[in-house]
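Read through the structure below, which is laid out as structure tokens, and then see the notes.
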Amino acid sequence: MRLGLTAGQAHDGLVADTLLDHLGPHTVVMTDKAYDADRIRELIEGRGATPNIPAKSNRKWKPCFSKRLYGERNLIERFFSRLNHLRRVATRYDKLAADILAMVQLTSMRLRLRAYEFTT
């Protein structure tokens, strides 16, 4: 997992290049409308991957998009919502990226263990 850490008020598109550098061929990249830019689409396709990004409403040319596949993002969004219930993660009390990553990993393990506890 790659961690692209930006300032809380900065747009994530600033680190898109860094995160997309490690794409493998035949990968499907699912993002929200904020990443619907020709530059980002070309970068994804240049790596041999396929973008599955919904088009912004002002886009004249509507690219191919799978709503069914995009619906799978709901699992990820719900995970991040639960992750942000921990105040320390949501407000980024830690200043170093390594410390933030460690706290995210600990919280992720805690959430997974709690989910496993209720299924057995």
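To keep it simple, each residue is scored yes or no on (1) basic (Lys, Arg); (2) loosely packed, with under 13 Cβ neighbours inside 10 Å.
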{"site": "LYS56", "(1), (2)": "yes, yes"}
{"site": "TRP61", "(1), (2)": "no, yes"}
{"site": "PHE65", "(1), (2)": "no, no"}
{"site": "ARG73", "(1), (2)": "yes, no"}
{"site": "GLU77", "(1), (2)": "no, yes"}
{"site": "LEU83", "(1), (2)": "no, no"}
{"site": "ARG87", "(1), (2)": "yes, yes"}
{"site": "ARG92", "(1), (2)": "yes, no"}
{"site": "LEU96", "(1), (2)": "no, yes"}
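Looking for something within 14 Å of the chain's Cα centre (by Cα) and in a loop (DSSP other than H, G, I, E, B) - is there at least one such residue anywhere in segment 37-50? Checking segment 37-50: not a single residue is within 14 Å of the chain's Cα centre (by Cα) and in a loop (DSSP other than H, G, I, E, B).
Can you name every residue in segment 60-99 that is more than 18 Å from MET30 (Cα to Cα) and not in a helix (DSSP H, G or I)? Passing the criteria: LYS60, TRP61, ASN84, HIS85, LEU86, THR91, ARG92, TYR93, ASP94, LYS95, LEU96.
All of the numbers you see were taken from the coordinates with simple rules; none came from a lab. These figures come from a predicted structure and were not determined experimentally. With ideal geometry, Cβ positions are generated from the backbone for all residues, glycine too; neighbour counts draw on all protein chains shown.
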